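Below is one structure, written out as structure tokens; the observations come after it.
Nothing in this text is a laboratory measurement; each read-out follows from the coordinates by a stated rule. As the structure is a computational prediction, the values presented were derived from the model and not from experiment. Glycine gets a Cβ as well: all are built from the backbone with ideal geometry, and neighbour counts include every protein chain shown.
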Amino acid sequence: MTKANAEFSGLVIARHNYRESDMLVKLLTDRFGKKMFLLRRARKPGFRLTAGILPFTEATYVGSVSDDGLSFLTALKEAHQYRTISGDITLNAYATYILSLIDQAYPDGEPILRWYQEAKQALELIDDGFDPAVITNIIEVQLLAAFGVQPQWAGCVIDGRSDLPLDFSERYGGVLCQAHWHLDNYRFRIQPKAMYLLRRFSVLDLAQLHSINVSAATKAELRRVLDRIYRDMVGVLPKAKRFLDQMAQWAPDEQPPKA
């Protein structure tokens with residue numbers, strides 16, 4: 001079934017050259033989930049929808065959206081490009097990683113309005129100067145459920161306590177308080193500040209975020225823990241994440257901006 005002349009909002013996830021002058025553009029939409037659109041002659045000078053298919057662009061489109069196969073764009077009503085992200089290779093990599101994770105977490109065509117809104121909010125915050133590493137960590141924590149991994153962060157998985165030191169147990173699928181550490185000798189030992197933030201991130205509304213101030217040491221610990229969770233429990237490593245890891249090796253002392 002094809003929905004003709006459908007109006008929807010979308011975020012550009014990826015673009016690929018196709019044939020001699022065409023382009024395939026993948027959008028995360030507010031109504032139809034992720035969809036692949038074929039744009040004929042998109043690589044020719046003067047293409048009228050160019051502003052709506054640039055990387056890191058959010059726009060309102062009109063098009064024919066197919067349940068199966070390729071869809072088509074016919075008009076562009078308005079477009080906004082996240083220019084700060086587009087002009088900075090590091091911010092570019094973080095934004096690409098966030099969009100790639102959402103892309104891998106859900107099948108094409110599944111409506112995911114929440115994640116369209118979350119992705120848009122995350123890119124807006126990064127574009128406005130918020131720490132991209134921390135914004136990315138928040139998205140990573142909240143996306144775990146979509147990958148079939150839904151850790152219990154609120155309190156100890158055994159007795160619900162949160163007033164004792166906590167570590168993370170892959171075996172038990174959540175945090176273990178100190179009274180039950182003996183149950184899992186292979187638990188993730190996590191520094192208290194990072195554990196506090198991970199628990200906060202699991203329920204944080206990005207729209208309510210007004211400032212970020214996380215030390216370099218705590219950010220490194222968050223990265224260590226989330227890398228292990230994604231490696232051992234999720235098994236997903238987008239290309240953009242490998243690029244971020246490479247950049248961290250090139251400039252280990254360079255810190256992203258704080259808001």
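If you fit an axis through the alpha-carbon atoms of helix 192-201 and take the longest principal axis of the Cα set of the chain, what angle between them do you get, 0 to 90°, nearest 10? Tilt relative to the chain: about 40 degrees. For Lys35, a cut-off of 20 angstrom between C-alpha atoms picks up these aspartates and glutamates, skipping any fewer than 8 places away in its own chain: Glu7, Asp22, Glu58, Asp67, Asp68, Glu78, Asp103, Asp108, Glu110, Glu118. With both residues required to sit in the range 2-81, DSSP beta bridges show an antiparallel share near 95%. Taking 0.36 nm per residue of sequence separation and removing the Cα-Cα distance, the Asp159/Glu78 pair yields an extension gain of 24.0 nm. Mind giving me the FRET efficiency for Arg200 and Leu54? R0 is 25 Å, r the Cβ-Cβ distance, nearest 0.05 is fine. About 0.15, to the nearest 0.05.
Counting only alpha carbon atoms, the long axis of helix 113-127 and the longest principal axis of the chain meet at about 80°.
Would you mind ranking Val157, Val236, Val25 so that the residue whose beta carbon has the fewest other beta carbons within 10 Å leads the list?
Numbers: Val157 20, Val236 14, Val25 25.
Ranked by crowding around the Cβ, least crowded first: Val236, Val157, Val25.
Taken about its Cα centre, the chain carries a charge dipole of roughly 560 debye when the Cβ of each Lys and Arg holds +1 and the Cβ of each Asp and Glu holds -1.
Pull out a ≥ b ≥ c, the square roots of the eigenvalues of the alpha-carbon gyration tensor of the range 27-66, then state rounded if a/c is under 1.5, prolate if not and a/b is larger than b/c, and oblate in the remaining case. The partial results should precede the final answer.
Details: a/c = 2.22, a/b = 1.57, b/c = 1.42.
Prolate, since a/c reaches 1.5 and a/b exceeds b/c.
Here the range 1-65 and the range 165-201 have alpha carbon centers that stand 43 Å from each other. Can you bin every Cα-Cα distance in the range 2-81 into 5 Å intervals starting at zero and give me the percent of pairs per bin, rounded to whole numbers? Once binned at 5 Å, the Cα pair distances of the range 2-81 give 3, 17, 30, 30, 15, 4, 0. Relative to the longest principal axis of the Cα atoms of the chain, the long axis of helix 89-105 makes an angle of roughly 90 degrees. In terms of its C-alpha gyration tensor, the range 49-166 comes out oblate, because a/c is 1.5 or above while a/b does not outweigh b/c.
Sorted fewest first by neighbouring Cβ atoms within 10 angstrom, Arg15, Arg187 come out as Arg15, Arg187. Going from the fewest other Cβ atoms within 10 Å to the most, the residues Leu206, Leu54 appear in the order Leu54, Leu206.
Please work out how much length the chain gains when fully extended from Glu170 to Ser64, using 0.36 nm per residue of separation minus the C-alpha to C-alpha distance, in nm with one decimal. Walk me through the intermediate numbers first.
Numbers: separation 106, 0.36 × 106 = 38.16 nm, distance 4.44 nm.
Going from the current span to full extension adds 33.7 nm.
Shape call for the chain from the C-alpha gyration tensor, a ≥ b ≥ c root eigenvalues: rounded (a/c under 1.5), prolate (a/b greater than b/c) or oblate?
It comes out prolate by the Cα gyration axes.
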